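*Asks:* Next up is a structure, given as structure tokens.
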Amino acid sequence: MAKQNRSHYQLTFAVLAVSVASFALLQSLVTPVLSEIQVDLNTDQTTVTWVLTAYLLSASVFTPIIGRIGDKVGKEKLLVVALVGLAIGSIIAALATSIGPMIVARVIQGVGGGVLPLAFGIIRDEFPEKKIPGAVGIIASLAAVGAGVGLVLAGPIVDALNYHWLFWIPGIVTALAAIAAFFVVPASPVRTPGKISVLPAVLLSAWLVCLLLALSQGRSWGWTSGRVLGLIVAAVVLAVAWVVVEERSESPLIDMTMMRLPAVWTTNLVALLVGFSMYASFGFLPQFTQTPSEAGYGFGASITESGLILLPSSVTMFTVGLLSGTFVRLIGPKTVVVIGSLISAASMAILAFAHEEKWELYVANAVMGVGVGLIFACLSNLIVAAVPPEQTGVASGMNANIRTIGGSVGAAVMASVVTASVFPNGLPKESGYTNGFLMLTIAFIVAALVALLIPRVKRDVIEDHLADEPEHAELGMVAAGTLVGDKSE
């Protein structure tokens, strides 16, 4: 039932701020504790990676669906749904005593990926026009700061309580935020009619799950085993079916017609490769640092310390995002993406070949934040310049979605590479991490080469975009974060 009186926009903003901060915290809190979850739930490193992979995969599927249903039936209703999904997933994760329920919980939390685009849409609907850019900037910043703070808070929370409270606390907060959203956030005044296609989402999920299972279990099952080969064949067949259905769908998750545009497919391929590398490094660097030094590498770092080692990347990413407009004006977004990709490749090379001292890891992460910050600051410019104004929202959301899909694939592939050779006690050998980070180096170099294929954008188009809207490169840290989420479609 629609609310009769519209709440003051500042009260609505408070609810959105708490919702987005909780969402961002929930993602990053888990990253430094994967090793502890692995031990507590009696699983292996390949399987525990699905705690990260399952969330990324779920978010990549649910985020556009939640956004579109919100446009159709009401953004405030779907905001409540997204927050309830986060709360339920968090509670299940907190109670999990085996890896299966934990992975299911993370899939349910993926529904919460819709919080960001819904928040941007509600701001656009409810706020005075002159207040919209500032509100969007604050929400985007909260997402980035929340992700960074989560890395730092994980250790103290685990030390004082245990890792289950990394789920209990966000679960309680998001449940309260859902109640507040129900009573405070006004009913959407803008509704977009249209059909919501479920089949593309089902097919996308199916072929990605088949592919990721084959990639992550190939070592233990055997790369030529019937199960692995069968999964690969199934992934190919389902992927072809997905492309066909997407082409015929009235509201595709990924617009295949738009994807054929040179500026779009090249930019999206860069996003895929960067997501592949970024999420893989975030997922495995804490496990590397927490490895006991008796293994011949690692530092036996605490959860707090491993989180602090990741923190420089979020700080430099956020800082570079604020300065990105100047770089874009000086040398153009395409050149900035190439430079950012090469800087990121250098950071992965440091991790691969210079990881004997902790300071080297701090430096590598700071450098990665600079590179990734430059890349994500420019992807939105390139996408916006490549499509008509009415397709801006669809195109930028698609780019963010593809980045998250790349992250889910990257985490699974990294797990397979790192665990290719293990000690009798189950710990990966140092060569696994070296090969893994070298693979990520190559992925960033390929991203730079792909970026060279991006068509040049006219300076006046970029100037118009920079004048109209602030950049939110810091959302590159956030799974399913929308870089141009406040643009109307």
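*Asks:* Relative to the first principal axis of the alpha-carbon coordinates of the chain, what is the inclination of helix 199-221, with its axis defined by its Cα atoms, in degrees from 0 to 90 and to the nearest 10?
*Replies:* For helix 199-221, the angle is close to 10 degrees.
*Asks:* Turning to a different aspect of this structure: So what J values fall out for the stretch 15-22 if you push phi through Karplus, 6.51 cos²θ - 1.76 cosθ + 1.60 with θ = phi - 60°, rounded to Hz, Gly and Pro as x?
*Replies:* 5, 4, 4, 5, 4, 5, 4, 5
*Asks:* Still on this structure: Hey, can you grab everything whose amide H is under 5 Å from the amide H of Val422? Only 5+ residues off in sequence or another chain; H modelled, so Pro and N-termini drop out.
*Replies:* The list, which skips near neighbours in sequence, is Lys429.
*Asks:* By per-residue mean of other Cβ atoms within 10 Å, what is the highest-first order of 62-73, 46-57?
*Replies:* 46-57, 62-73
*Asks:* Specify whether the C-alpha gyration tensor of the stretch 195-254 places it in the rounded, prolate or oblate class, a ≥ b ≥ c being the square roots of the eigenvalues: rounded for a/c under 1.5, otherwise prolate if a/b is larger than b/c and oblate if not. Numbers along the way, then the final one.
*Replies:* Values: a/c = 4.47, a/b = 2.88, b/c = 1.55.
Prolate shape, in that a/c is at least 1.5 and a/b is the bigger ratio.
*Asks:* Just to verify a number: FRET efficiency for Ala366 and His8, C-beta to C-beta distance, R0 = 41 Å, to 0.05? The partial results should precede the final answer.
*Replies:* Working: r = 41 Å, r/R0 = 1.00.
After rounding to 0.05, the efficiency reads 0.50.
*Asks:* Right, something else. Helix 115-126 versus the longest principal axis of the chain: what angle, 0 to 90°, nearest 10, using Cα atoms?
*Replies:* The angle comes out near 20 degrees.
*Asks:* Treating each Cα of the stretch 136-276 as an identical point scatterer and ignoring solvent, apply the Debye formula and state log10 I(q)/I(0) at q = 0.10 Å⁻¹.
*Replies:* -0.67
*Asks:* Compute the long axis of helix 430-451 from its Cα atoms, compare it with the longest principal axis of the Cα atoms of the chain, and write down the angle in degrees, 0 to 90, nearest 10.
*Replies:* Taking Cα atoms only, the helix is inclined about 30 degrees.
*Asks:* Could you work out how much longer the chain between Glu129 and Asp159 gets when fully extended? Use 0.36 nm per residue separation minus the Cα distance between them, nm to one decimal.
*Replies:* Full extension from Glu129 to Asp159 adds 6.3 nm.
Only the coordinates and a few stated rules stand behind these numbers; no lab work does. Predicted model, so just to flag it, every value in this text is computed and none were measured. Heads up, the Cβs are rebuilt from the backbone with ideal geometry, glycines too, and the neighbour counts pull from every protein chain shown.
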